[in-house]
1. If only one of LEU71, LEU97, LEU57, LEU83 is touching a strand residue (DSSP E or B) at 6+ places or on another chain (Cβ under 6 Å) and over 20 Å from ASP26 (Cβ atoms), which one is it?
2. For the range 152-185, give me the residue count where each residue is part of a loop (DSSP other than H, G, I, E, B), open to solvent by 40 Å² or more (accessible area, probe 1.4 Å) and not aromatic (Phe, Trp, Tyr).
3. Could you name every one of the strands (runs of 3 or more DSSP E) located completely within the range 209-295 that has at least 2 residues being within 21 Å of ARG151 (Cβ to Cβ), open to solvent by less than 20 Å² (accessible area, probe 1.4 Å) and of a type in the set (A, V, I, L, M)?
4. Return the residues of the range 173-182 that are more than 10 Å from the ligand (Cβ to nearest atom) and in contact with a Phe, Trp or Tyr (Cβ under 8 Å, 6 or more places away or on another chain); say none if nothing qualifies.
5. Restricting attention to the range 104-113, which residues are among the aliphatic types (A, V, I, L, M) and either within 11 Å of the ligand (Cβ to nearest atom) or free of Cβ contacts under 8 Å to residues at least 12 places away in the same chain (or both)?
6. Tell me the helices (runs of 4 or more DSSP H) entirely within the range 47-109 that contain at least 3 residues that are over 16 Å from VAL16 (Cα atoms).
7. Going through the range 6-32 one residue at a time, which ones are over 24 Å from the mean Cα position of the chain (by Cα) and buried (at least 16 other Cβ atoms within 10 Å of the Cβ)?
8. In the set GLY133, GLY49, which member is at positive phi, at pLDDT 95 or above and of a type in the set (Gly, Ala, Ser)?
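The values are calculated or read from the model by the stated rules, or taken from the named source; none is laboratory data. The structure presented is a predicted model; accordingly, all values stated were derived computationally and were not measured. Cβ placement follows ideal geometry from the backbone for every residue including glycine, while neighbour counts extend to all protein chains displayed. Accessible surface areas use protein heavy atoms only, side chains included; no ligands, DNA or RNA. Shrake-Rupley method; radii C 1.70, N 1.55, O 1.52, S 1.80 Å.
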Amino acid sequence: MKTVIILGAGQFGRAVSRLLNTEQMDLIAFGDNNPALHHMGEEDRIRMGFPPRVPILPVDQAVAMSPDCILTGITDGCRTRQLKEQALSLGFRGEFLLLEELYRCFDIRSATLKQMARRLHQQDIPGQIAELGVYKGDTAWKLNALFPDRRLYLFDTFEGFDSRDIQKEEEYGCSFAKKGDFSDTSEAAVLNRLPFPGHAVIRKGYFPETASGLDHETYALVSLDADLYAPLLAGLQYFYPRLSPGGMILMHDYNNERFQGAAQAVADYEKDYQRLSLVPLCDLHGSAVVMKPAV
Ligand SMILES: C[S@@+](CC[C@H](N)C(=O)[O-])C[C@H]1O[C@@H](n2cnc3c(N)ncnc32)[C@H](O)[C@@H]1O
């Protein structure tokens, strides 16, 4: 068993702690120089997604614990190098595992999407493909490539977050998102990236208004990635009843402290409508897969 510290206690550092092989690795501390994290109580830490009974220390104190291995919990290359240099200057001579390098090799969310597509093809699950929250099309082009013969609905304002949704975020304390975040994109830029643009149907504007006229559509796979509570709840209300049996939703940000609206939307949907078959993923963004039982 190796002792490990994770340097960087942000969203990705916490996600990494959930991925750790605890039969081989004993996580003894997080190291982070944000003083607000050092004095947090156990209950708050657990609510934020930290594992129980693991202290969060200033970086020098965490390194002073002389772990066998340092795992950096950030994906930014420059910051990773700074942390590594800091640990070396503090006398650490053990093993480094750099998330930045692992992240370039492994992409759990995309790999899961491929496996979902494979299963949907094998089972011949009918229905169209959709994404709510497209931004620059990073996921949209993958969906289009995985389903070259199906229609791909792309729902986005293409002008970033809407003030109506931001008002709800503030009311419910779900995030610090701002009106217009993610506005640096366009439908043309997204269409240009798609391998089969002829199958894409852009629904530009405010969701759920942009779903009007699509009452009778059915879906095999939906990517819900609008970040905020209101569109995600509306997304579940619109898409789940129209999902084919055996169809799936990739719900981004379900376990994400920066955008807590996804988990809230799922909870409220389950309270008002029905329980969902939901499996959380151990990717860095805290995604989850919702599946409609096959009949
Ligand atoms: C995180 S980005 C999506 C990222 C994208 N799925 C990708 O793979 O890179 C969130 C997107 O949701 C969109 N969005 C949020 N609320 C919306 C709403 N009510 N109607 C339409 N689009 C919305 C934003 O405009 C933004 O482009």
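1. The conditions single out LEU83.
2. 7
3. Of the strands (runs of 3 or more DSSP E) lying wholly inside the range 209-295, those with at least 2 residues that are within 21 Å of ARG151 (Cβ to Cβ), open to solvent by less than 20 Å² (accessible area, probe 1.4 Å) and of a type in the set (A, V, I, L, M) span 219-224, 243-251.
4. Across the range 173-182, the qualifying residues are CYS174, SER175, LYS178, LYS179.
5. Listed by number, the residues that qualify are ALA111, LEU113.
6. Filter on the range 47-109 gives 59-63, 77-89.
7. MET25, ILE28, ALA29
8. GLY133
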